[in-house]
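Chemist: I have a structure I would like to understand better, so I am pasting it below and will then ask my questions one at a time.
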Amino acid sequence: QVQLVESGGGLVQAGGSLRVSCAASGRIFGFNVMGWYRRAPGNERELVARIISGGITTYADSVKGRFTISRDNAKNTVYLQMNGLKPEDTAVYYCHLSQGTSTYWGQGTQVTVSS
């Protein structure tokens, strides 16, 4: 079993920055994909960014150039640096980890961007 613990959400003004982190524990495979999804009120959950254990990244078009995902494989931790935040980035951000045929989710952390 795998547990994901997120931290770092909060309230920020438009144009500001936040970094969220997600630490994974349990039985972690050497090859996996970690990343972030988000769900805004009334919307479906959507991919924000993901990174495979080798470092290849994928971003949603809406965050390209503003958000950066990174990971520390030794710590099984993934980070999302969010710059140039906009009110439309307001959402609950969920960490995920996929390995083998399993996907795990964190409990979510709220990010609120005020205009």
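Chemist: Under a crude label model (7 Å from the Cα following the beta-carbon direction), how far is SER17 from THR68 in nanometres?
Modeler: 0.8 nm
Chemist: When all protein chains stay in place, what accessible area (Å², nearest 10, 1.4 Å probe) is found for ARG66?
Modeler: Looks like 40 Å² after rounding.
Chemist: Oh, and also: Considering only DSSP beta bridges with both partners in the chain, what is the antiparallel share in %, to the nearest 5?
Modeler: Working: 41 of 45 bridges.
In the chain, approximately 90 percent of DSSP beta bridges are antiparallel ones.
Chemist: I'd like the distance between the alpha-carbon centres of segment 14-33 and segment 37-104, rounded to an integer number of Å.
Modeler: 8 Å
The values are calculated or read from the model by the stated rules, or taken from the named source; none is laboratory data. These numbers were taken from a predicted model, which means no experiment stands behind them. For neighbour counting, all protein chains shown are included, and Cβ atoms are generated from backbone atoms with ideal geometry for every residue, glycine included. Just so you know, the surface numbers come from the protein's heavy atoms only, side chains and all, with ligands and any DNA or RNA stripped out. Shrake-Rupley method; radii C 1.70, N 1.55, O 1.52, S 1.80 Å.
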